[in-house]
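Working notes, structure below.
The values are calculated or read from the model by the stated rules, or taken from the named source; none is laboratory data. Since this is a predicted model, take the numbers as computed values, not measurements. Note: ideal-geometry Cβ built from the backbone for every residue, glycine included; neighbour counts use all protein chains shown. These accessible areas exclude ligands, DNA and RNA; they are computed on the full protein's heavy atoms, side chains included. Shrake-Rupley method; radii C 1.70, N 1.55, O 1.52, S 1.80 Å.
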Amino acid sequence: MTIRITITYLLLFIAEVTMAQDKVQIEGKIREESGQPIENVVISALPSTQIAISDSAGRFTFTLNKNTNYTLSFQSVNIEPFNQRVFLASDTLMEFTSKLKTIAILEVEINADQDAFGIRKLRAIENGGLYEGKKSEVINVRNLLSNKANNNARQAFSKIPSLNIWESDNAGLQLDIGGRGLSPKRTSNFNTRQNSYDISADALGYPESYYTPPLQAVEQIEMVRGAAALQYGTQFGGLLNFKMRKGNPEKRVNVESENTYGSFSFFNSFTSVHGQVKKLNYYSYIQYKQGDGWRPNANFEQLGAFVSLNYELTKKLNLSFDYTHMNYLSQQAGGLTDNRFELDPNFSNRSRNWFRVQWNLAALSLEYKASNAIKIYSRTFGLNARRTSLGLRETPDLEDPMGNRDLIDGKFRNLGNETRFVYTYTTPKGLINSLLVGSRLYLGNTDFTQGFGTAGSEANFTEVDTAFLNRRKSDFSFPNFNAAFFMEKILRLSPEFSLIPGIRYEHIQTSAEGSYTNNVRTNSFGDFIERRVFESNQAIRNVILYGLGTAYKWKQRYEFYANATANYRAINFTDIQIQTNTQIVDPNIEDESGYSFDLGLRKLDFKPIYFETGLFYILYDNRIGELIDDGLRLRTNIGAAQIFGAELFIEADLLQCLKLESEQKLSAFFNGSVNYGVYTSVNERALVGVRSGNKVEDLPDYNLKTGLNYGYKNFKASIQASFLGFQYSDAANTEEPYLGVFGPIPAYRIFDFSGEYKWTENLSLGCSINNFLDADYFTRRATAYPGPGIIPAEPRSFYFTLTLAL
C-alpha cells in the first residue's frame with residue numbers, strides 16, 4: 001500500500017512538471033523618493049491570487065503568465081497605496097517609487113501583510129512550506145512592545161489562542177508552552193525550530209527545548225497547528241519556528257546595544273553587529289544575562305552567541321550558515337507543597353539544587369531557484385549539547401538530608417537534513433497551483449546517566465563513587481534513526497476555492513541500551529529493595545500520516561478554511577526512564593496516535609478590524625500521563641481523550657473605527673478560547689486512578705488575553721491582561737493536593753505594562769512592569785525538574801531597558 005501511494009504521487013509530480021505553461025518572472029524593487037528601499041510592502045498581482053512582500057532591500061518577485069496584462073497593487077501603512085499596469089512579454093526587471101505617509105508609524109500598526117497589529121497568517125507559499133488552508137500565526141517580534149530581555153512568553157504569545165504557558169523562572173531561560181490540552185513541558189509537543197531547522201535536544205528520543213532564542217534577535221515567530229504534522233513530522237502541537245533577524249543590507253556595519261536592569265538584581269546585556277558587505281549579509285549577537293531570582297536559591301547566569309552568514313553565490317543560489325552557542329547555570333529553588341505556598345510563595349528548602357545547560361547548534365542551508373517554476377530548499381543541521389542536574393529530587397515535604405546529591409547527566413548529538421522541492425505552475429485556466437515534495441533524514445543519539453554527586457552545596461557536577469553508593473542508578477544510550485518522505489499540494493479549482501491534500505511516510509527506529517536500578521516494594525510499610533535491570537531494546541515503526549485541507553476566499557476579504565490531519569507521537573526515553581524512588585513506569589507503554597481537525601474563518605485585510613475565529617477537535621488515543629498508584633507516580637498510557645475548543649482573535653484600530661484623523665494611535669485586541677476535554681476510555685493499567693469521563697489535564701476551562709496599545713509621536717505603551725481558568729494537573733483529576741505534585745491549578749489573572757520613549761532614531765528607553773497587581777499564583781505542579789511540587793510564578797517586577805544603535 002505504501003509503495004503504491006508513493007508511486008502514485010511521483011507520477012502526479014512528473015505529469016504536472018510536463019504540464020507547465022510558459023511563464024515569465026518580474027523582479028521588482030520599491031523605493032522612497034529619496035532612494036531608500038521600502039520593506040514590508042504588500043504587492044498583489046491582479047487578477048491572479050499571487051501576493052508578494054518586499055524584503056529589507058525593497059525587492060520582490062513574481063512568476064506569472066507570459067504575454068498577459070497585470071495590475072500590480074502596492075499597499076502598506078508606510079506608503080500611499082498605488083496601482084501600476086504591466087504587460088509581461090518576457091522576464092522583466094522594474095523599479096517603483098512611492099511617497100511615504102506622513103503619519104507616525106507606531107507599534108500598533110505595522111502594515112497589511114506583515115500585519116497591521118503585530119500578527120498575520122503565513123502566506124500560501126512561504127520559505128519552502130505550503131500553508132494554504134492551515135491554522136497559522138506569525139508574530140512580528142521586531143515591533144512587539146513587551147519585556148524581551150527575559151523572553152516574557154505571556155506577552156510575546158499573547159495574540160495566539162489556546163496557548164498554555166508554564167512560568168518557571170523570571171529569566172526566560174526556557175520556553176514552556178503547550179496548548180489545546182498538550183503539556184507545556186519544555187515545548188516538547190511542538191516541532192521547535194530556528195530558521196526552519198531543529199533546535200530541540202533530540203527530535204525523536206528527547207524532543208525538549210532547553211535553548212530559546214532571545215527575542216531581541218528574532219524577526220518573527222511562526223506557529224502552525226496540528227495540520228503541520230504532514231510537513232513537520234510526528235507531533236500533536238504543530239510547528240514553532242523562530243525566524244532570526246538578517247543584517248541591514250544598506251550598511252556595512254551596524255551596532256545595536258540593549259541593556260536591561262530589573263528587579264531581583266536582573267541584568268541583561270544584548271549586543272548585535274550586522275550588515276552587508278557586497279554579496280555577504282551577516283547578523284551576529286552576544287548576550288549576557290544574570291540575576292538572583294525572586295526566591296532564595298534561585299540565582300542564574302547565562303551566556304549566548306549567534307552568527308548567521310548569508311551569501312548570494314549567484315542570482316539563483318543562496319548559501320547560509322548559522323552557529324548558535326548558549327550555556328547557563330541556574331540554582332533551583334525547588335517546589336512547594338500547597339500549605340507552604342499559601343503561607344509564603346517565596347519559601348525554598350532546597351539550597352543545593354543546580355542545573356546546567358551547554359548548547360552548540362550549527363546549520364548549513366541552501367536555497368536554489370532551479371527555474372521560474374521550481375525552488376529547492378535544503379537544510380543540514382547538527383547539535384552537540386548537554387544538560388546536567390544536581391540535587392535532591394524528592395517531594396517538597398522532605399527536608400534535605402544533606403547527603404550525596406542525585407546527578408543526572410544528558411548528552412545529545414544529532415545530525416539531520418531536510419530537503420524540499422516546491423513546484424509552482426499555472427493551469428490552462430490561469431490558476432496557480434503548487435506542489436511540495438520533501439524528504440528528511442535524521443540520526444540522533446542521547447546518552448543519559450544517573451548517579452551520585454557530591455554532598456556539598458556548590459555547583460560541582462563531578463560524579464562520585466563512595467563505599468555505600470558504588471554504582472549508577474542508570475546508564476543508557478538511546479540511538480535513533482528517522483527517514484521521512486512527504487508531499488503536499490495546493491490544488492486551486494477556482495480563484496476562490498482550493499484543496500490541499502497531503503501525505504507523509506515515516507520510518508522511525510529507536511533503541512535503548514543500558515541498565516537501571518528498579519525499586520521494588522517489599523511490604524506495606526513502604527520498604528524497598530534495589531534490583532538492577534539490563535535492557536537492550538529496539539522498536540521499528542513505519543507510519544503513514546495523511547490529511548486534507550480546503551480554503552475558500554470570499555470577495556478577497558475573508559477566508560474560510562478547514563483541515564483534518566492524522567497525528568502520531570512515538571514514545572521517547574522520558575516516557576520510560578526511571579529517575580526517582582517515587583516513580584514507576586508501565587513496561588508496556590505504547591506510542592500515541594490520533595487526529596486533529598480545524599475549522600475557521602479569518603479576515604484577509606487589517607483595516608480597521610482584523611479577526612479570526614475557529615473551532616478545533618483533537619482525538620487523542622493512548623495519551624501518556626501520570627497518576628498515583630499505591631503512593632507512587634505511575635507513568636502509563638491513560639487512554640483515549642477527546643478535546644474540543646472554540647477560539648477567537650479580534651483586534652481593532654479604535655480611531656479608524658470612529659473615523660477620527662489623528663497622529664495618535666489606539667488599538668485593542670481580544671484573544672480567547674473556551675475548551676473542554678474528557679477521557680472517553682481508560683486503559684486497564686490506568687484504572688487505578690482514572691475513570692472514563694475525567695477531564696483532560698493541562699487544559700484550562702477558558703484562556704483569555706486582552707490588551708490596549710497606544711502611540712503618539714515618539715511614545716508608545718501597552719497594557720495586557722491574562723485570564724486562565726481552572727485546570728487539573730493530572731489525569732486522575734486529583735482534588736485534594738498530593739505533596740504539591742498533584743492537584744488542581746486554580747484560575748488566575750495577570751496584568752502587564754510596557755512602554756517605550758524614543759528620544760532619537762538611535763536612542764530609546766523602555767520600561768516593563770510584569771504582574772503589576774502583584775498576584776500570588778502558580779502555573780504548574782512539577783513532577784521532577786525544577787521541583788517537584790508547586791513552582792510559584794514571579795510577583796510584581798520592574799524592568800528598564802536602554803537601547804542604542806550606531
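Numerical summary
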read-out: Residue in region 630-644 that is open to solvent by 50 Å² or more (accessible area, probe 1.4 Å), modelled with pLDDT under 85, of a type outside the set (D, E, K, R) and touching a strand residue (DSSP E or B) at 6+ places or on another chain (Cβ under 8 Å) present; value: no
read-out: Sole exception among (1) modelled with pLDDT under 95; (2) hydrophobic (A, V, I, L, M, F, W, C); (3) within 18 Å of N164 (Cβ to Cβ); (4) open to solvent by 20 Å² or more (accessible area, probe 1.4 Å) for A731, by number; value: (4)
read-out: Candidate set: region 211-234, residues that are touching a helix residue (DSSP H, G or I) at 6+ places or on another chain (Cβ under 7 Å) and more than 17 Å from N164 (Cα to Cα); chosen: the one surrounded by the most Cβ atoms within 10 Å (Cβ to Cβ); value: L215
read-out: Residue within region 772-779 that is closer than 30 Å to V255 by Cβ, at pLDDT 95 or above and either part of a loop (DSSP other than H, G, I, E, B) or touching a Phe, Trp or Tyr at 6+ places or on another chain (Cβ under 6 Å) (or both) present; value: no
read-out: Test: D406 is open to solvent by 10 Å² or more (accessible area, probe 1.4 Å) and touching a residue at least 40 places away in the same chain (Cβ under 8 Å); value: yes
read-out: Residue match in region 263-275 (condition: more than 25 Å from Q155 (Cα to Cα) and part of a loop (DSSP other than H, G, I, E, B)); value: no
read-out: Among residues of region 284-298, those that are in a loop (DSSP other than H, G, I, E, B) and buried (at least 17 other Cβ atoms within 10 Å of the Cβ), counted; value: 5
read-out: Condition broken by T314, with the remaining ones in (1) free of Cβ contacts under 8 Å to residues at least 40 places away in the same chain; (2) in a strand (DSSP E or B); (3) of a type in the set (S, T, N, Q) satisfied; value: (2)
read-out: Whichever residue in region 43-56 is within 28 Å of the chain's Cα centre (by Cα) and not β-branched (V, I, T) and, among such residues, is surrounded by the most Cβ atoms within 10 Å (Cβ to Cβ); value: S54
read-out: Selection count where residues are within 13 Å of F264 (Cβ to Cβ), assigned to a loop (DSSP other than H, G, I, E, B) and not basic (K, R), scope region 781-802; value: 2
read-out: Candidate set from region 67-81 (those that are open to solvent by 50 Å² or more (accessible area, probe 1.4 Å) and on the phi < 0 side of the Ramachandran plot); member that is modelled with the lowest pLDDT; value: E80
read-out: So R623, is it assigned to a strand (DSSP E or B), open to solvent by 40 Å² or more (accessible area, probe 1.4 Å), in contact (Cβ under 8 Å) with a residue 12 or more places away in the chain and of a type outside the set (A, V, I, L, M); value: no
read-out: Candidate set from region 661-687 (those that are of a type outside the set (S, T, N, Q) and not in a strand (DSSP E or B)); member that is surrounded by the most Cβ atoms within 10 Å (Cβ to Cβ); value: A686
read-out: For V690: the one exception among (1) among the aliphatic types (A, V, I, L, M); (2) under 27 Å from the mean Cα position of the chain (by Cα); (3) surrounded by 15 or more Cβ atoms within 10 Å (Cβ to Cβ); value: (2)
read-out: Total residues in region 734-747, condition surrounded by 14 or more Cβ atoms within 10 Å (Cβ to Cβ) and without any contact (Cβ under 8 Å) to a residue 60 or more places away in the chain; value: 3
read-out: Members of region 475-491 that are of a type in the set (D, E, K, R), open to solvent by 10 Å² or more (accessible area, probe 1.4 Å) and modelled with pLDDT of 95 or more; value: K489
read-out: Residue list for region 170-203, restricted to those being aliphatic (A, V, I, L, M), in contact with a helix residue (DSSP H, G or I) (Cβ under 9 Å, 6 or more places away or on another chain) and open to solvent by less than 10 Å² (accessible area, probe 1.4 Å); value: I177, A201
read-out: In region 693-728, the residues that are open to solvent by 10 Å² or more (accessible area, probe 1.4 Å), outside any strand (DSSP E or B) and in contact with a Leu (Cβ under 6 Å, 6 or more places away or on another chain); value: none
read-out: Single residue of region 115-169 satisfying the filter (acidic (D, E) and under 30 Å from R295 (Cα atoms)) that is least open to solvent (accessible area, probe 1.4 Å); value: E167
read-out: Of all residues making up region 68-100, the number that are within 34 Å of the chain's Cα centre (by Cα), hydrophobic (A, V, I, L, M, F, W, C) and part of a strand (DSSP E or B); value: 2
read-out: Test: residue in region 242-257 that is within 26 Å of A57 (Cβ to Cβ), open to solvent by 10 Å² or more (accessible area, probe 1.4 Å), acidic (D, E) and in a strand (DSSP E or B); value: yes
read-out: All positions within region 303-360 that are among the hydroxyl-bearing types (S, T, Y), surrounded by 19 or more Cβ atoms within 10 Å (Cβ to Cβ) and within 30 Å of A782 (Cα to Cα); value: T324, Y328, S330, T337, S348
read-out: Any hit, region 612-620, residues being in contact (Cβ under 8 Å) with a residue 12 or more places away in the chain, closer than 29 Å to N537 by Cα and open to solvent by 30 Å² or more (accessible area, probe 1.4 Å); value: no
read-out: Identity of the residue in region 388-403, open to solvent by 40 Å² or more (accessible area, probe 1.4 Å) and touching a Lys or Arg at 6+ places or on another chain (Cβ under 9 Å), that ends up farthest from V741 (Cα to Cα); value: M402
read-out: Meets criteria (touching a Leu at 6+ places or on another chain (Cβ under 8 Å), part of a strand (DSSP E or B) and under 30 Å from Y70 (Cα atoms)) for S434; value: yes
read-out: Count - residues of region 195-223 that are of a type outside the set (S, T, Y), modelled with pLDDT of 95 or more and assigned to a loop (DSSP other than H, G, I, E, B); value: 4
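Let's see how each residue does on (1) touching a Leu at 6+ places or on another chain (Cβ under 6 Å); (2) outside any strand (DSSP E or B); (3) closer than 30 Å to T63 by Cα:
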| site | (1), (2), (3) |
| --- | --- |
| V357 | no, no, no |
| G410 | no, no, no |
| G430 | no, yes, yes |
| S439 | no, no, yes |
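Yes/no matrix, rows are residues, columns are (1) surrounded by fewer than 21 Cβ atoms within 10 Å (Cβ to Cβ); (2) touching a residue at least 40 places away in the same chain (Cβ under 8 Å):
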residue	(1), (2)
R749	yes, no
K758	yes, yes
D774	yes, no
F778	no, yes
P786	no, yes
